[in-house]
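Contents: one structure, followed by commentary.
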Ligand code: ARG
């Protein structure tokens with residue numbers, strides 16, 4: 001195998017060990033970024049008077065050809081690949097450009113450039129998804145649905161309010177993604193092996209060409225830092241947990257028992273034996289992706305733990321989990337995007353469910369507090385009302401004022417508005433609550449925050 005080193009070695013590397021040490025099988029996917037980085041390096045060598053104009057032109061032309069003629073080679077890594085190709089195309093001139101950098105600063109530069117591009121694609125998916133959710137919430141700002149705690153019907157809420165809770169989770173994910181972008185945006189090239197280098201090359205030139213925002217501050221840290229991989233994996237962890245919770249709700253909502261959601265044919269599959277089945281497979285699969293995402297996170301954290309400063313070969317192992325995270329998250333968000341476009345809510349069933357389980361019992365208790373009782377005392381009275389209803393097989397919607405007055409004479413005719421689904425929802429009117437009025441306010445703020453983060457990503 002062609003190598004970039006070996007002058008001091010007397011014996012051949014064992015074949016199996018060589019294969020084990022190689023990273024070309026995975027870092028070849030960074031080929032385009034390797035070309036970009038070497039092009040920028042060559043331009044800066046020219047600007048700093050290390051190569052002549054015609055030499056720069058020749059190398060850049062050959063890089064163009066090499067880029068369009070990727071072939072299978074038996075090499076150690078992507079850096080060796082390009083260096084050998086450049087020598088093949090340019091002879092000694094190909095060797096001349098290999099000053100003022102090393103593979104240690106190069107590999108993390110490629111990684112960062114690739115991640116920044118992928119962050120942008122994920123950003124676009126998140127914007128689309130959040131916009132769709134906010135629009136859906138606007139349509140359903142006044143649609144009643146039961147809210148759950150402990151998976152028991154708790155209190156009536158609006159579907160718009162429920163959907164905005166998705167947007168809040170994704171908003172935090174979006175902020176995490178932005179933070180990851182900020183932390184990735186430091187150019188390490190020129191840190192060389194770990195100490196910097198002996199040439200008068202202005203690092204700002206490469207930084208500018210590659211469109212990085214800042215230069216890394218310390219060459220030791222620059223070659224050993226993989227915090228941006230950790231930050232990205234943490235963004236993925238929390239995002240996939242959010243998606244798994246949303247999907248779990250949709251699985252429950254689409255179950256025959258709940259029947260809140262009609263599964264679109266576009267996102268569900270059938271059973272090979274039970275002809276009647278329509279299964280929420282996509283939601284289930286998204287839910288299960290959390291396993292691999294969290295596994296990837298353990299991978300990168302463990303690679304870095306206790307690693308002596310600065311660069312070690314351990315860092316080569318950052319790629320699979322990073323690539324897998326990027327692929328899984330992009331793919332998942334794309335499918336989730338398609339899911340939310342075809343959500344069909346069964347509003348009648350949602351409404352009928354709000355009538356169950358004395359969902360407005362808290363409103364009855366609050367009513368009595370308004371009439372002067374303490375909440376603890378009114379809580380007890382409402383408990384008695386529920387007991388009475390259960391014993392007589394009635395509910396809050398057909399109990400009479402006369403019956404209520406026997407339990408507590410503070411009840412008047414206006415109690416029935418407080419007990420109604422509409423009344424209960426309308427009365428939850430504080431900032432961030434479920435009343436249609438508040439939901440409309442939240443939607444305005446949600447749109448504002450989303451536009452704001454779009455600007456910050458620029
Ligand atoms: N393949 C290595 C990586 O992915 C980069 C090469 C640095 N290797 C070295 N022996 N200094 O991290």
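The values are calculated or read from the model by the stated rules, or taken from the named source; none is laboratory data. This structure is a prediction, so every number in the text was calculated from the model and none was measured. Glycine gets a Cβ as well: all are built from the backbone with ideal geometry, and neighbour counts include every protein chain shown.
Out of the range 378-398, which residues are touching a helix residue (DSSP H, G or I) at 6+ places or on another chain (Cβ under 6 Å) and either assigned to a loop (DSSP other than H, G, I, E, B) or closer than 28 Å to residue 442 by Cβ (or both)?
395, 396
I'd like to check something: does the range 181-188 contain any residue that is away from the ligand (no atom under 16 Å from the Cβ), under 29 Å from residue 344 (Cβ atoms) and surrounded by fewer than 18 Cβ atoms within 10 Å (Cβ to Cβ)?
Scanning the range 181-188 turns up no residue that is away from the ligand (no atom under 16 Å from the Cβ), under 29 Å from residue 344 (Cβ atoms) and surrounded by fewer than 18 Cβ atoms within 10 Å (Cβ to Cβ).
Among the candidates 38, 66, which residue alone is away from the ligand (no atom under 16 Å from the Cβ), assigned to a helix (DSSP H, G or I) and surrounded by 20 or more Cβ atoms within 10 Å (Cβ to Cβ)?
66
Please determine whether any residue of the range 325-344 is touching a strand residue (DSSP E or B) at 6+ places or on another chain (Cβ under 8 Å) and under 26 Å from residue 146 (Cβ atoms).
Yes, there is a match, as at least one residue in the range 325-344 is touching a strand residue (DSSP E or B) at 6+ places or on another chain (Cβ under 8 Å) and under 26 Å from residue 146 (Cβ atoms).
Among the candidates 73, 60, single out the residue that is within 16 Å of the ligand (Cβ to nearest atom), surrounded by fewer than 21 Cβ atoms within 10 Å (Cβ to Cβ) and more than 27 Å from residue 182 (Cβ to Cβ).
The match here is 73.
Read through the list (1) closer than 30 Å to residue 314 by Cβ; (2) touching a residue at least 60 places away in the same chain (Cβ under 8 Å), then give the number of the only condition that residue 252 fails.
It fails just one condition, (1).
Under the condition of being without any contact (Cβ under 8 Å) to a residue 60 or more places away in the chain and closer than 21 Å to residue 166 by Cα, which residue from the range 102-136 is nearest to the ligand (Cβ to nearest atom)?
Among residues in the range 102-136 that are without any contact (Cβ under 8 Å) to a residue 60 or more places away in the chain and closer than 21 Å to residue 166 by Cα, the one nearest to the ligand (Cβ to nearest atom) is 124.
Looking at the range 410-434, which of its residues are farther than 22 Å from residue 165 by Cβ and part of a helix (DSSP H, G or I)?
Result: 415, 416, 417, 418, 419, 423.
Taking residue 148 as the residue in question, decide whether it is surrounded by fewer than 22 Cβ atoms within 10 Å (Cβ to Cβ), in contact with a helix residue (DSSP H, G or I) (Cβ under 9 Å, 6 or more places away or on another chain) and part of a helix (DSSP H, G or I).
No, not satisfied.
Can you name every one of the helices (runs of 4 or more DSSP H) wholly within the range 207-315 that holds 3 or more residues which are out of contact with any helix residue (DSSP H, G or I) (no Cβ under 7 Å at 6 or more places or on another chain) and within 16 Å of the ligand (Cβ to nearest atom)?
By residue number, 219-224.
Yes or no: residue 373 in a loop (DSSP other than H, G, I, E, B) and surrounded by 13 or more Cβ atoms within 10 Å (Cβ to Cβ)?
yes
Yes or no, residue by residue, for (1) more than 16 Å from the ligand (Cβ to nearest atom); (2) in a helix (DSSP H, G or I); (3) touching a residue at least 12 places away in the same chain (Cβ under 8 Å); (4) surrounded by fewer than 14 Cβ atoms within 10 Å (Cβ to Cβ):
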{"residue": "322", "(1), (2), (3), (4)": "no, yes, yes, no"}
{"residue": "333", "(1), (2), (3), (4)": "yes, yes, yes, no"}
{"residue": "336", "(1), (2), (3), (4)": "yes, yes, yes, no"}
{"residue": "353", "(1), (2), (3), (4)": "yes, yes, yes, no"}
{"residue": "359", "(1), (2), (3), (4)": "yes, no, yes, no"}
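Just checking, which of 4, 30 is touching a residue at least 12 places away in the same chain (Cβ under 8 Å), within 13 Å of the ligand (Cβ to nearest atom) and loosely packed, with under 14 Cβ neighbours inside 10 Å?
So the residue among 4, 30 that is touching a residue at least 12 places away in the same chain (Cβ under 8 Å), within 13 Å of the ligand (Cβ to nearest atom) and loosely packed, with under 14 Cβ neighbours inside 10 Å is 4.
Among all residue pairs at least 6 apart or on different chains, which show Cβ distances below 6 Å where the first residue, located in the range 76-90, is more than 22 Å from residue 13 (Cα to Cα) and the second is part of a helix (DSSP H, G or I) and within 15 Å of the ligand (Cβ to nearest atom)?
Nothing qualifies.
Considering only residues that are part of a helix (DSSP H, G or I) and touching a strand residue (DSSP E or B) at 6+ places or on another chain (Cβ under 8 Å), which ones fall in the range 112-144?
112
Take residue 82 and decide whether it is within 16 Å of the ligand (Cβ to nearest atom), at pLDDT 95 or above and either under 30 Å from residue 362 (Cα atoms) or surrounded by 18 or more Cβ atoms within 10 Å (Cβ to Cβ) (or both).
The answer is yes for residue 82.
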